[in-house]
Every structure is written in C-alpha cells, then in structure tokens.
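Below is one structure, written out as structure tokens, with a few remarks after it.
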Amino acid sequence: MNYLKRLMNQGFLVEQNVIPSLERLDEASFQRILENLQKEKAFMLSANVLNRFLQDKKVEIIKTFETVKKLSVKDYVALLNERYEKLQQILLKKLDQTNLVSINKATNGAATLIGLVKKIEEKNNDDLITIEDQTGEMDTFVPKKFSEKIKQDDVVAISGIIKNKTLYADNIVYPDIPLRQVNYSKDDIIVSFSEKDKKADFVITNNKIIDNLKNEIHEISNPSIIRIDNVTILVAHSFDPLEILRRRFIHHNYSDFIIDPVPDILFTDKSINTNYKGVSIVSEIKLNLKNREILS
C-alpha cells in the first residue's frame, strides 16, 4: 500500500526522511498512526512523531556479553561459583526437592545432589563423574545413557542412591530450557536475520540491530539477548544452539553468559532452522514475529 499517498489524501504532510520507514509499516501500524494523527489534530508526520507512535515496537537490549582478556586463579574460582549459584537456582525450579541435600550432608540412601562437574572418567558400563558444590565433592557412577551429553564444568542435578560416600545415579537433570508457551508480537513485525535484506522492519546480525522503522542502529555483542515487542531473541553465533540451550550458559573468552531469560528465538550462524521446546532456532531467514511465519 502507498501509505504516503493515503496520508496526503487525508491532508497530512510527511517529512521526506520519514517516507522509507513509513512504507515499511504493516497495515495495523499504519492505521494506528493515522488514528493518532487525527486524534492529536496534527498536520505533519515527522520523525519524532512517528517514533513516538511506534514506541511499542522498540528494541530492548536485555543482556550483552562482557569479554574478559585474562583470568587469575581467584577470578576463575569466582566465575565457577557464580555459574554454580545461577544455574542452581534454575535447577531448583525443576526438581522435586524431597531428597535434595548438599554434598557435605549426604548420607546413605536416596539423594539428589546439585553440583558442578569437576571430572569425567569413562568406565565399562558407567561413567565416573566427580561433582562438587560449595560444601565438598562426591564421586557418582552414572549410566552412559544419562551421561552422554554431560561435559566438564556443567552444573547438573544427579539423583540416585548413596552407598559408602558414592552416588549411584539413576537420573540427571540439566538446567535445560523448559517447554513453555510461545510468545508472539501484537502486530506484524518483520525481522530478517540476513544483512542482505534491506526491507524488513528489523535486520539482526551477530553484532548489530538495524531498526528500519526508526532509522537507528544498535550495536550488540555475540552472544546477547534482545527483545522486540514481546519477543525475546538470543543472538549466539559460533556455538551449538541445542547444546547451549541445554546447558543454559555459554563460556567464551574467559567469561560466562547465562541464558536467562529463556529466548523465543535463537539466531545462529549454523545451517539449521528448527524448533526446540518452543524456541525457534533460525539462521539466515525472515520471520513475522506475529505468527513465526517464514517469509521469502
């Protein structure tokens, strides 16, 4: 639709620099702007007026990544402690806490321990995994069907039976994202994850967001979490998307990035377009945030 012509037919003037943003609007947004212009008895659509009317389509940068060039031993210990504490809180929400104990209070019988994976040794039928919390450490024998995805420095909850100060595991719970309701934008908002696309409302790359509605550019880090309208997007290039969602953290350049809040969309540089527990994992495609429809 020629929104410029429609506004002029209604008697409104339009600043020249507003025209590109105006023509990218969806019909619902245009109607809202037209109604606001009429309500305020304005005579001109300027950049300031357009931005004010489009405030609900603003970009929010929720979390960015801070690079650390070097870690001392003290810094590294502090990083692991912080990772443990944050992921412990995520795990606590997922667990039946009936038999949950700290390692120093664990005795023979049923128990669930939350710990950071310190060491992994492969055995014939099981893996011997040493976990530690802030009170101590314990060896756990874990069947390979439960341990095949576990990595050193993960934070996990392991349940089983303790005998002679060793936990024989029968289940592992990861901080993995929960299955949850999908969030959509209120109006049609077109987001492209390819810098080659010049016509989308927002173009997102691994280091910037191009807001074509307001002619603004926002610098971001890799990884980072942003929000457009009601939709949360995790930008995470060079990482395995399924792995980082399951582990709930990214360790990169001596620093951690905890994945919280849970994203609605994960933008990756891997050749993958799929869905995982309600999260759309996408590469270079174009989406309508109102319905997650992939556009050509």
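Here, each number is a calculation from the coordinates, and none is a lab measurement. Computed from a prediction, not measured in an experiment: that's the story for all the values here. Cβ coordinates were reconstructed from backbone atoms using ideal geometry, including for glycine residues, and neighbour counts include every protein chain displayed.
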> For helix 27-39, what angle does its Cα long axis make with the longest principal axis of the chain, in degrees from 0 to 90 and rounded to 10?
Replying inline: 60
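Using a 10 Å cut-off around each Cβ, can you sort Asp201, Asp176, Asp154 from fewest to most neighbouring Cβ atoms? Intermediate results must be reported in sequence, preceding the final value.
Values: Asp201 26, Asp176 18, Asp154 22.
Fewest-to-most ranking of Asp201, Asp176, Asp154: Asp176, Asp154, Asp201.
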> Which of these, Ile259, Ile62, Ile233, has the largest mean-square fluctuation under a Gaussian network model of the chain (Cα springs below 10 Å)?
Replying inline: Ile62
> Based only on the alpha carbon positions, what is the Kirkwood hydrodynamic radius of the chain, in angstrom?
Replying inline: 21.9
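Under 11 Å from the Cβ of Ile225, count the other residues' Cβ atoms, weight Lys and Arg +1, Asp and Glu -1, and hand me the total. Please list the in-between numbers first.
On the way: positive: Lys63, Arg227; negative: Glu60, Asp260, Asp264.
Net charge in that neighbourhood comes out at -1.
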> Using a Gaussian network model of the chain with C-alpha springs under 10 Å, which one of Ala169, Ala42, Ala106 is most mobile by mean-square fluctuation?
Replying inline: Ala42
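I need the calculated FRET efficiency for the pair Asn291 and Glu23, taking r as the beta carbon distance and R₀ as 25 Å, to the nearest 0.05.
Values: r = 22 Å, r/R0 = 0.87.
Once the sixth-power term is evaluated, E becomes 0.70.
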> Can you sort Leu71, Leu179 by how many other beta carbons sit within 10 Å, fewest first?
Replying inline: Leu179, Leu71
> Going through segment 144-183, which trypsin sites (Lys or Arg not before Pro) have at most 16 other Cβ atoms within 10 Å and a DSSP loop state?
Replying inline: Lys149, Lys151, Lys165, Arg180
>> As a quick test, which of the pairs Lys86/Lys118; Lys118/Lys144; Lys93/Lys123; Lys58/Lys286; Lys93/Lys186; Lys5/Lys41 have an alpha carbon distance above 21 angstrom in this structure?
In response: Lys93/Lys123; Lys93/Lys186
> If you place +1 on the Cβ of every Lys and Arg, -1 on the Cβ of every Asp and Glu, and leave all else neutral, what size is the dipole of the chain about its Cα centre, to the nearest 20 Debye?
Replying inline: 320
> By average Cβ neighbour count within 10 Å, what is the ranking of 95-105, 209-219 from highest down?
Replying inline: 209-219, 95-105
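Treating only the Cβ of Lys, Arg, Asp and Glu as charged (+1, +1, -1, -1), what charge dipole size does segment 98-215 show about its Cα centre? Round to the nearest 20 debye.
Values: 17 positive and 19 negative charges, 25 e Å.
Once rounded to the nearest 20, the dipole reads 120 debye.
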> Once both axes come from the Cα atoms, what is the angle between helix 73-92 and the longest principal axis of the chain, in degrees from 0 to 90, rounded to 10?
Replying inline: 80
> Distance from the Cα centre of segment 101-166 to that of segment 2-74, in angstrom?
Replying inline: 53
>> Just to confirm the filter: which GluC sites (Glu not before Pro) across segment 1-51 are DSSP coil and have at most 16 other Cβ within 10 angstrom of their Cβ?
In response: Glu15, Glu40
> Comparing Leu113, Leu92, Leu245, which has the greatest mean-square fluctuation in the GNM of the chain with Cα pairs linked when under 10 Å apart?
Replying inline: Leu92
>> How charged is the neighbourhood of Tyr84? Take every other residue with its Cβ under 14 Å from the Cβ of Tyr84, and add Lys/Arg as +1 and Asp/Glu as -1.
In response: -3
>> Using Cβ contacts closer than 10 Å as the measure, can you line up Glu66, Glu132 from fewest to most?
In response: Glu66, Glu132
>> Using the crude model of +1 on Lys and Arg Cβ and -1 on Asp and Glu Cβ, and no other charge, please compute the dipole size for segment 3-53 relative to its Cα centre, in debye to 20.
In response: 100
> Name the residues of segment 238-258 whose amide N is less than 14 Å from a point 7 angstrom out from the Cα of Ala78 along the C-beta direction?
Replying inline: 255-256
> So what does the Cα-only Debye profile of segment 3-53 read at q = 0.12, 0.21, 0.32 Å⁻¹, as log10 I(q)/I(0), no solvent term?
Replying inline: -0.20, -0.65, -1.78
>> Which one, Asn212, Ala78, Thr268, is farthest towards the positive end of the dipole of the chain when Lys and Arg carry +1 and Asp and Glu -1 on their Cβ?
In response: Asn212
